[in-house]
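The values are calculated or read from the model by the stated rules, or taken from the named source; none is laboratory data. Quick caveat: nothing in here was measured; it's all calculated off a predicted structure. When we count neighbours, we look across all protein chains shown, and the Cβ atoms used for this are built from the backbone with ideal geometry, even at glycine. We work out accessible area using only protein heavy atoms, side chains counted, and drop any ligands, DNA or RNA first. Shrake-Rupley method; radii C 1.70, N 1.55, O 1.52, S 1.80 Å.
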Amino acid sequence: MLTLNDVTVRYGRFAAVDRVNWSVGSGTEAVTALLGPSGCGKSTLLRAVAGLEPVAAGVISWDGTDLAKVPPHRRDFGVVFQDGQLFPGRTVAQNIGYGLARRRIRGAAASRRIEEMLDLVRLQGYGSRPVAALSGGQAQRVALARALAPEPRLLLLDEPLAAVDSQLRESLAEAIGEIVRAAVTPTVLVTHDHREAALMADAVSVMRAGTIVQTDAASRLWHRPIDHDTASFLGARAVVSGSVRQQVLTTAFGTASLADDVSFGSVTDGPCEVALRPESVIASPDPNGGAVIEHAAALVSSWRVRVTTADGSTLEGISSHPVKAGDRVQIRLDAGALAVIAR
Ligand code: ADP
């Protein structure tokens, strides 16, 4: 298990990572996302764990052993960066086999391991190809195979989808999630994209301005973000006040049963703040409805709407029926997509 105790990493006087306490790999979660906006210190933290950035204060340890004096190549961690950084003049197999000699895996055993890795990342038959001939998604899968081949005790992925075309990103995200689960290697995934974290991770740590502000199971985080900033970062467009009584949430825009979604856990009775994603505000055409469509945009199978409510508020929502500006609608809340701020 990886443990960080009060870890600070500085560039000059600036603390890019500021007294972080964190642990990964102790529970059942295979993939932990380190999620936060660009510049919050995610890559710096990952690089410090990999031994590529000096630690100014605090201790990074594995199973209780301080890693301060352990050089990167002896940490037994696999690393994949944004653009894979494959060795350009070599074949796919030579890239995947790169770390095996150091583990004293040679000859037939190395060839077997390379074949296993090609199977794992679904690139059977690609071994002799030059890496220059690969697509971006294939190159990232080779980088993943290269990182996993020596059986690292921890896999570190730094925005592995950043350089991949947007159409491919979702399928590659799912593929990487499946591959690291099949490899049974605890994995840290650095990403700024909360959808990517939702697709790939079991647990999510949210980072902001050099510190980790919340760590939770992904579904729990989505429903109980720690504060406004975290809720907005996770896609909330409005924060409204509400109150909870016996797991029923009441707001000016409707009620929702929190018992319908186990991720809420038991929410204490009393006033609360409710973060609304567009998916949590459902508009349906109704000539007697209290809200009016301000703007509607057609998505693939629904309409993204902005409505003015009876009390003059503006909310973003969705409609599964065709609607246009000026239409009257009724709105209701979907507990599955809203969040109750945790403090
Ligand atoms: P993230 O991965 O969350 O985008 P980084 O860890 O790359 O964030 O950067 C965190 C902060 O440290 C940013 O303000 C960035 O500008 C700064 N930073 C990153 N690398 C360096 C460096 N080599 N020298 C100076 N400042 C750096």
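Those residues that are more than 11 Å from Leu338 (Cβ to Cβ) and hydrophobic (A, V, I, L, M, F, W, C), I need them from the range 258-271; list them, please.
Passing the criteria: Ala259, Val262, Val267.
Give me a count of the residues in the range 52-64 that are open to solvent by less than 50 Å² (accessible area, probe 1.4 Å) and modelled with pLDDT under 95.
Result for the range 52-64: 0.
Residue-wise test of (1) modelled with pLDDT of 95 or more; (2) exposed (fewer than 13 other Cβ atoms within 10 Å of the Cβ); (3) closer than 20 Å to Val213 by Cβ; (4) among the aromatic types (Phe, Trp, Tyr).
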site: Thr3; (1), (2), (3), (4): yes, no, yes, no
site: Gly12; (1), (2), (3), (4): yes, yes, no, no
site: Asp18; (1), (2), (3), (4): yes, no, yes, no
site: Glu29; (1), (2), (3), (4): no, no, yes, no
site: Lys42; (1), (2), (3), (4): yes, no, yes, no
site: Ala50; (1), (2), (3), (4): yes, no, no, no
site: Val70; (1), (2), (3), (4): yes, no, no, no
site: Asp76; (1), (2), (3), (4): no, no, no, no
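Pick from Asp216, Asp229: which is within 16 Å of the ligand (Cβ to nearest atom), without any contact (Cβ under 8 Å) to a residue 24 or more places away in the chain, among the acidic types (Asp, Glu) and open to solvent by 10 Å² or more (accessible area, probe 1.4 Å)?
Matching residue, one of Asp216, Asp229: Asp229.
Check Leu100, Leu120, Leu156 and return the single one that is over 16 Å from Arg47 (Cβ atoms) and either touching a residue at least 60 places away in the same chain (Cβ under 8 Å) or not assigned by TED's automatic domain parsing to the domain that holds Arg169 (or both).
Just a single option satisfies the conditions, and that option is Leu120.
Considering only the range 44-61, I want to know if a residue exists there that is within 16 Å of Leu155 (Cα to Cα) and of a type in the set (Lys, Arg).
Yes, that holds for at least one residue.
Search the range 32-63 for residues being without any contact (Cβ under 8 Å) to a residue 60 or more places away in the chain and part of a loop (DSSP other than H, G, I, E, B), and hand back the single one that is farthest from the ligand (Cβ to nearest atom).
Ranking the candidates gives Gly51 first.
Here are some residues: Ala256, Ala252. Which one is over 11 Å from the mean Cα position of the chain (by Cα) and buried (at least 19 other Cβ atoms within 10 Å of the Cβ)?
Ala256
So how many residues does the range 152-200 have that are open to solvent by less than 10 Å² (accessible area, probe 1.4 Å), within 16 Å of the ligand (Cβ to nearest atom) and in a loop (DSSP other than H, G, I, E, B)?
2
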